[in-house]
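**Student:** Shown below is the structure under consideration.
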Amino acid sequence: MAELQIKDLHARTSEAEILKGVDVTVRSGEVHAIMGPNGSGKSTLSHVLMGRPGYSITQGEITLDGKDLTGLQTWERAQLGLFLALQYPVEIEGVPVTSIFETSELASKEGYRETLQDAKNEAELLGVPSDHLSRGVNLDMSGGEKKRLETLQLVTLKPSIAVLDELDSGLDVDGLRIVSNRVERLTKENGLGVLVITHYSRLLEELKPDHVHVFVEGKIVASGDSQLAEELESDGYEKWTPSTETSVTLGGLI
Ligand code: ADP
Ligand code: MG
């Protein structure tokens with residue numbers, strides 16, 4: 001049973017505080033969806049969880065299975081079972097996906113040959129052309145192809161908790177269905193815990209969320225079930241943004 005605990009997390013860049021008290025706990029097999037307006041700090045949350053340089057945690061904690069992640073290197077967090085699918089996957093010339101598998105902790109446990117065979121089978125299932133495995137990671141790939149490749153890494157590396165930052169952006173309808181279905185299967189068969197950031201309930205049709213959180217101005221302001229995702233998609237975030245609250249109050253006064 002894996003458990004990612006985020007408690008009262010505050011984080012900032014040198015210029016401004018971006019995360020202002022995030023609280024969420026993701027356990028094995030659970031899917032938590034985070035939905036919120038542009039610029040609210042969703043990607044920052046994913047970066048801070050994975051230990052990207054440039055952010056400092058000023059308050060709160062992040063633990064995975066009781067171990068404090070703050071202060072650990074990104075690779076150490078990955079080794080403990082945390083995975084991040086980036087909103088904007090980076091292109092890494094000269095490093096093929098196969099060498100990521102080769103050097104992963106998993107490769108040393110199960111053997112590279114098995115991992116690679118697994119990856120090839122999965123690639124076919126996810127619609128990743130086989131030459132993409134030997135090309136530099138994400139190099140010259142379309143947005144959707146990159147997202148399929150991110151998913152291939154997720155499936156092959158077998159983390160216990162995955163953070164998926166807009167995995168749906170750039171994917172075509174078939175890709176979206178294949179990817180969300182595959183991740184849902186991981187939650188059922190491998191007990192993967194998922195924190196998925198998205199704008200669209202379409203992704204959540206197959207990857208069924210147990211909890212949906214509204215994320216505004218650096219923190220979770222409301223939580224609910226899958227119904228909330230549909231409401232957000234049709235009504236937007238206006239109801240949850242502080243400026244609207246003010247105008248409602250003013251309207252009441254006038
Ligand atoms: P979201 O993913 O919710 O759209 P982000 O987390 O990408 O939002 O960004 C939240 C805010 O923090 C934005 O205003 C963005 O410009 C700012 N921000 C994020 N990372 C940095 C950084 N490294 N340096 C400066 N500003 C940043
Ligand atoms: Mg983002």
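The values are calculated or read from the model by the stated rules, or taken from the named source; none is laboratory data. Everything numeric in this text was worked out from a predicted model, so none of it was measured. Reconstructed Cβ throughout: ideal geometry from the backbone, glycine too, with neighbour counts over all protein chains shown. Side chains are part of the model used for accessible areas, which takes the heavy atoms of the whole protein and leaves out ligands, DNA and RNA. Shrake-Rupley method; radii C 1.70, N 1.55, O 1.52, S 1.80 Å.
**Student:** If you only keep lysine pairs separated by 8 or more in sequence, or across chains, how many in the chain come under 17 Å at the Cα atoms?
**Tutor:** 15
**Student:** Given contacts defined as C-alpha pairs under 8 Å and at least six residues apart, what's the relative contact order of region 123-200, whole-number percent?
**Tutor:** Normalised by residue count, the contact order of region 123-200 is 34 percent.
**Student:** Amide H to amide H under 5 Å from residue 70: which residues, 5+ apart in sequence or cross-chain, H placed 1.01 Å off N in plane?
**Tutor:** So residue 70 has HN proximity to 62.
**Student:** Using just the alpha carbons, could you tell me how many Å³ per residue the convex hull of region 104-231 encloses?
**Tutor:** 123 Å³
**Student:** Suppose R0 equals 45 Å; then what is the FRET efficiency for residue 102 and residue 223 from their Cβ-Cβ distance, rounded to the nearest 0.05?
**Tutor:** E between residue 102 and residue 223, to the nearest 0.05, is 0.65.
**Student:** Report, to the nearest whole %, how much of the accessible area of the chain belongs to carbon and sulfur atoms, 1.4 Å probe, protein only.
**Tutor:** Answer for the chain: carbon and sulfur cover 48 percent of the accessible area.
**Student:** Right, another one. What does DSSP give for the chain in terms of the percent of beta bridges that are antiparallel, rounded to the nearest 5?
**Tutor:** Taking every DSSP beta bridge within the chain, about 60 percent pair in antiparallel fashion.
**Student:** Give me the number: length gained by fully extending residue 13 to residue 206, i.e. 0.36 nm times residue separation minus the C-alpha to C-alpha distance, one decimal in nm.
**Tutor:** 65.9 nm
**Student:** So what's the Cα pair-distance distribution over region 88-179, bin width 5 Å, in %?
**Tutor:** Cα pair-distance distribution for region 88-179, in percent: 3, 14, 26, 26, 21, 8, 2, 0.
**Student:** To continue, here is another question. When only DSSP loop residues count, what GluC sites (Glu not before Pro) in region 22-107 have their Cβ near at most 16 other Cβ atoms within 10 Å?
**Tutor:** The qualifying sites are 91.
**Student:** I would also like to ask the following. Take the alpha carbon atoms of region 150-224, find their radius of gyration, then divide it by 2.2 N^0.38 Å using N residues; give the quotient.
**Tutor:** Taking N as the residue count of region 150-224, the ratio is 1.09.
**Student:** Under the definition of Cα pairs under 8 Å and six or more residues apart, what whole-number percent is the relative contact order of the chain?
**Tutor:** Reported as a whole number, the value is 27 percent.
**Student:** Skip the ligands, DNA and RNA, and give the accessible area per residue of the chain with a 1.4 Å probe, whole Å².
**Tutor:** Spelled out: the 1.4 Å probe surface of the chain, per residue, equals 49 Å².
**Student:** Looking at the chain, I'd like the Rg to Rh ratio, where Rg is from alpha-carbon atoms and Rh is Kirkwood's inverse mean 1/r.
**Tutor:** Rounded to two decimals, Rg over Rh is 0.99.
**Student:** So for region 1-108, Kirkwood radius off the Cα pairs, Stokes-Einstein at 25 °C and 0.890 mPa s: how many µm² s⁻¹?
**Tutor:** The diffusion coefficient I find is 162 µm²/s.
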